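Okay, structure first, notes after.
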Amino acid sequence: MEKILFAKGLVLDTFNGLGINYHEKTPLPQPLEKAEWERRLARHRAFLEPKKAGEGAYVLVSAPAAEKTRVEDILPKAVDLPMRWFNVQRRVVEALVDLGNKNFFGDALPTAPIYFGCANLAALLGAPYKLAESSIWFDLDPPIKDLAALPPLSLQRDSLIYKAIELTTKSLAALSPGNFVLGMTDIGSNLDALFSLTPREKALVAMKKNPRAIEKLLWEITERFLEFYAENYAWISAGQDIVSSLNQLCCPGRYYKLMSESSIMVSPALFRDLVLPTLRRQAEFLDWVVFEIDGIRGDSFLSEIVKADFCSAVEWSPRTRENRFGEIKPDFLGKESLRVCRKILESDKKLVLSGIGAEDALSLLREVPADGLFLGVEAQSGAEALAFLKKAEKWMSF
């Protein structure tokens, strides 16, 4: 058995280079019957096909299990933030516990995302990062200060964060076949990485005064994105050739939910001239693409994405509001949100909505076309999930 010393005395056991074995006390999620697994997977594949009349909505529902396991019931509490993020055995146990604490209904397949902060590509390219309890921050001290002298970018494969992502992914991939679909880590968009690698204000000024320097850096980041995606995909597909990516959609082959949250800071013209060509390059490399549009000014380039031929579906993430339970949730039923949903569904694109409550999902189904609509519904209980599905059946086609 090989030993790998990570940091601050964290020692991780690896088995033939395949990563960390999950703890013997960790229960694997209850697997779906093979026929049900195949039925649900077929529904995901159908969503990837061109939109057609009468296909109805695709409805995926998750709900908390009646009895829950805590990570602390299995492993001692992490003594510091490096152990919380980079002890791979802990990360594998966390993923399996999270899966075991949920039930999946309708068209939902169990999915296990691998989270090492939002848009971690910058750190993989050498940007400093700061660990926090719930996330990792990558834009605190951008390393590229001079856009006139761009250094070559390369993946830092010996870095702590790279090794942690690699070993966590390989470990879960070995356990995934027939049990769950493994999610690609949040690599992030090329523009998000750019703003973590170079000071944001300087980059925004350069977009107008020296766009060629920004274009060069953006294309270099794009190529490194594709390089890391290929490596990550190889780790996942060693288990099974099905991938999830930051939502519940599960695809055979290379799939990623492209996004560009930082695009809200650039004009539609700059988005079209600088960002869109690099998105097309990413899409050419991938087999399946969903593009996410953020509700905070993200709809300013909605028309460009609806017209784009490189993605078959758009994920809409509306602005948030406080619901009747006092929770801050996406406002799927707001006037502006419904306008965007209709615009996407009236085009040749399909629409993905994630994290919508059961009541809101029923209200939305009454307001927008059902054909090509993919709903990731969060129910409060198994009983609510089943009751919701019974009501939603008339908008679904099997």
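The values are calculated or read from the model by the stated rules, or taken from the named source; none is laboratory data. The model shown is predicted, which means the values in this text are computed figures rather than measured ones. As a convention, Cβ positions derive from the backbone with ideal geometry for all residues, glycine included, and neighbour counts pool all protein chains shown.
In the set 378, 384, 315, only one residue is closer than 30 Å to residue 271 by Cα, touching a strand residue (DSSP E or B) at 6+ places or on another chain (Cβ under 8 Å), touching a residue at least 24 places away in the same chain (Cβ under 8 Å) and acidic (Asp, Glu); that residue is 315.
No other residue among 121, 140 is in contact with a Lys or Arg (Cβ under 6 Å, 6 or more places away or on another chain), farther than 22 Å from residue 70 by Cα and among the hydrophobic types (A, V, I, L, M, F, W, C) apart from 140.
State whether one or more residues within region 83-93 are over 24 Å from residue 229 (Cα atoms), aromatic (Phe, Trp, Tyr) and touching a strand residue (DSSP E or B) at 6+ places or on another chain (Cβ under 6 Å). Checked against the condition, which is being over 24 Å from residue 229 (Cα atoms), aromatic (Phe, Trp, Tyr) and touching a strand residue (DSSP E or B) at 6+ places or on another chain (Cβ under 6 Å), region 83-93 yields no hits at all. The single residue among 292, 315 that is at pLDDT 90 or above and farther than 22 Å from residue 230 by Cα turns out to be 315.
Within region 63-72, the set of residues being of a type outside the set (Val, Ile, Thr) and either closer than 15 Å to residue 390 by Cα or out of contact with any strand residue (DSSP E or B) (no Cβ under 6 Å at 6 or more places or on another chain) (or both) comprises 64, 66, 67, 68, 70, 72. Applying the criterion of being part of a helix (DSSP H, G or I) and touching a residue at least 24 places away in the same chain (Cβ under 8 Å) to the residues of region 36-50, the residue that is farthest from the chain's Cα centre (by Cα) is 37.
Based on this model, can you work out whether residue 264 counts as of a type in the set (A, V, I, L, M) and either more than 18 Å from residue 193 (Cα to Cα) or buried (at least 21 other Cβ atoms within 10 Å of the Cβ) (or both)? So residue 264 does not fit the description; no.
Among the residues of region 370-398, those that are assigned to a loop (DSSP other than H, G, I, E, B) and in contact with a helix residue (DSSP H, G or I) (Cβ under 7 Å, 6 or more places away or on another chain) comprise 370, 372, 379.
Of all the residues in region 52-65, those that are out of contact with any Ser or Thr (no Cβ under 8 Å at 6 or more places or on another chain) and part of a loop (DSSP other than H, G, I, E, B) number 3.
Restricting attention to region 220-274, the residues being touching a strand residue (DSSP E or B) at 6+ places or on another chain (Cβ under 6 Å), part of a helix (DSSP H, G or I) and within 23 Å of residue 179 (Cα to Cα) number 1.
Within the set 243, 181, 205, the sole residue that is among the β-branched types (Val, Ile, Thr) and without any contact (Cβ under 8 Å) to a residue 40 or more places away in the chain turns out to be 205. For region 371-398, filtered to residues that are small (Gly, Ala, Ser) and crowded, with 19+ Cβ neighbours inside 10 Å, the residue that is nearest to residue 59 (Cα to Cα) is 376. Against the test of being in contact with a Pro (Cβ under 8 Å, 6 or more places away or on another chain), surrounded by fewer than 19 Cβ atoms within 10 Å (Cβ to Cβ), over 17 Å from residue 82 (Cα atoms) and not aliphatic (A, V, I, L, M), the options 143, 128 yield a single qualifying residue, 143. Do we find that residue 187 is β-branched (Val, Ile, Thr) and under 20 Å from the mean Cα position of the chain (by Cα) in this structure? Yes; evaluated as a whole, the condition is true for this residue. Provide a single number: the residues in region 153-165 that are touching a residue at least 24 places away in the same chain (Cβ under 8 Å) and over 15 Å from residue 187 (Cβ atoms). Residues in region 153-165 being touching a residue at least 24 places away in the same chain (Cβ under 8 Å) and over 15 Å from residue 187 (Cβ atoms): 3 in total. Among the residues of region 355-369, just one is outside any helix (DSSP H, G or I) and within 14 Å of residue 106 (Cβ to Cβ), namely 356.
Residues in region 101-117 that are under 18 Å from residue 233 (Cα atoms) and hydrophobic (A, V, I, L, M, F, W, C): 3 in all. Only residues that are closer than 25 Å to residue 40 by Cα and part of a helix (DSSP H, G or I) were counted in region 157-186, giving 7. Sort through 127, 78 and tell me the only one that's of a type in the set (A, V, I, L, M), free of Cβ contacts under 8 Å to residues at least 40 places away in the same chain and not in a strand (DSSP E or B). Of 127, 78, the one residue that is of a type in the set (A, V, I, L, M), free of Cβ contacts under 8 Å to residues at least 40 places away in the same chain and not in a strand (DSSP E or B) is 78.
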